[in-house]
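Engineer: Attaching a single structure in structure tokens format; questions to follow.
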Amino acid sequence: MAILGIATLILWIGYLAGSIYFYGTQTTTESADAAIVLGAAVWDTEPSPVFRERINHAITLYKTNQVKNIIFTGGQGEVTEEAESIVAKDYAIERGVAGGNILTETQSRTTFQNLYYAKQEAEKNQLSQFLIVSDPLHMKRAMRMAQDLDMKANSSPTPTTRYKSLPAQLEFLRRETLFYGLYLIKRLFEMPAQNPHTF
């Protein structure tokens, strides 16, 4: 029985990893009210390379009229730093995005909170259809969370990423498989939308 349990766990983990990888290769050509850019680290007043790729992709969606607005997410990583979303907003404005078409939330510290607070900002501005922007291997978990929040959203992974080498991709995939698996287990015992700070 123990061997069967271990084998089942290995198969489940393998299935999760495969689904995460292949999901990240899918994107949409549909338009939306807004792109929601999931937060990532900032370095002082500059977005980290990971965050910069996400912001650049959202800017492209905006300039090609696939979205009319951009919602940047992310609070302060360190008390001495600006909120991730504010750094992203400044970066986007410098590259031609109109400030009036940018919304920000500065409370979130996790992927689920990114989406939860972005949805609140969107509802205040009558926005209801979204493209979720993040790294390809992050998309499966992010979209599962968006579905749990009853968001009308499609996946729009970045076409470029700093995770280019095979070791970097495998490490990212390992972490995402762990985080996604834990999320699926945790949501069995608690409805995510009722308490965003536990996710």
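The values are calculated or read from the model by the stated rules, or taken from the named source; none is laboratory data. Because the structure is a prediction, the values reported are computed rather than measured. FYI the Cβ positions are ideal-geometry reconstructions off the backbone, even for glycines, and counts take in every protein chain you see. Protein only, heavy atoms only, side chains kept; ligands, DNA and RNA dropped before computing areas. Shrake-Rupley method; radii C 1.70, N 1.55, O 1.52, S 1.80 Å.
Engineer: When you count, for each residue, the other Cβ atoms within 10 Å and take the mean per peptide, how do 143-153, 17-27, 181-191 rank with the highest first?
Structural biologist: Ranking, from highest mean packing down: 143-153, 17-27, 181-191.
Engineer: How much length is gained if the chain between TRP12 and ILE93 is pulled fully straight, taking 0.36 nm per residue apart and subtracting their Cα-Cα distance, in nm to one decimal?
Structural biologist: Working it through step by step, the gained length comes to 24.8 nm.
Engineer: Using amide H atoms built 1.01 Å from N in the peptide plane, name the residues 5+ places from GLN129, or on other chains, whose amide H lies under 5 Å from its own.
Structural biologist: ASP33, ALA34
Engineer: Distance between the C-alpha centers of the stretch 99-131 and the stretch 42-82? Whole Å please.
Structural biologist: 13 Å
Engineer: Still on this structure, I have one more. Could you name the aspartates and glutamates in cross-link range of LYS186, using Cα to Cα under 19 Å and dropping any fewer than eight places away on the same chain?
Structural biologist: ASP148, ASP150, GLU176
Engineer: Which cross-chain or sequence-distant (5 or more) residues have an amide H under 5 Å from the amide H of ILE71, H modelled 1.01 Å from N in plane?
Structural biologist: Long-range HN contacts for ILE71: ALA35, ILE36, VAL37, LEU103.
Engineer: Measuring with a 1.4 Å probe in the full set of protein chains, what accessible area per residue, in whole Å², belongs to the stretch 8-73?
Structural biologist: 50 Å²
Engineer: Bins of 5 Å, beginning at zero and ending with the bin holding the largest distance: percent of Cα pairs per bin for the stretch 70-199, please.
Structural biologist: Each 5 Å bin holds this share of Cα pairs: 2, 10, 17, 21, 22, 16, 9, 3, 0.
Engineer: Another question, then. Once phi is turned into ³J(HN,Hα) by the Karplus curve 6.51 cos²θ - 1.76 cosθ + 1.60 with θ = phi - 60°, what whole-Hz value does each residue of the stretch 115-124 show in order, with x for glycine and proline?
Structural biologist: For the stretch 115-124, the Karplus-derived couplings read 6, 4, 6, 5, 4, 4, 5, 4, 5, 5 Hz, x marking Gly and Pro.
Engineer: Take the solvent-accessible surface of the protein heavy atoms, probe 1.4 Å, and return the percent of it on the chain that carbon and sulfur atoms account for.
Structural biologist: Whole-percent figure for carbon plus sulfur exposure: 56.
Engineer: OK, next. Straight distance only, please: which aspartates and glutamates reach the Cα of LYS89 with their own Cα at less than 12 Å, same-chain residues fewer than 8 apart left out?
Structural biologist: By straight Cα distance, LYS89 reaches GLU46, GLU105.
Engineer: What translational D, rounded to a whole number of µm²/s, comes out for the stretch 64-129 from Stokes-Einstein when the hydrodynamic radius is the Kirkwood one over Cα pairs, at 20 °C and 1.002 mPa s?
Structural biologist: Rounded to a whole number, D works out at 175 µm²/s.
Engineer: Quick one: work out the % antiparallel among DSSP beta bridges in the chain, nearest 5.
Structural biologist: Here the antiparallel bridges make up roughly 10 percent for the chain.
Engineer: Please give every one of the lysines within straight-line cross-link reach of LYS124, meaning a C-alpha to C-alpha distance under 18 Å, and leave out same-chain neighbours fewer than 8 residues apart.
Structural biologist: Of all the lysines, those that pass the test against LYS124 - Cα under 18 Å, at least 8 places apart if same chain - are LYS68, LYS152.
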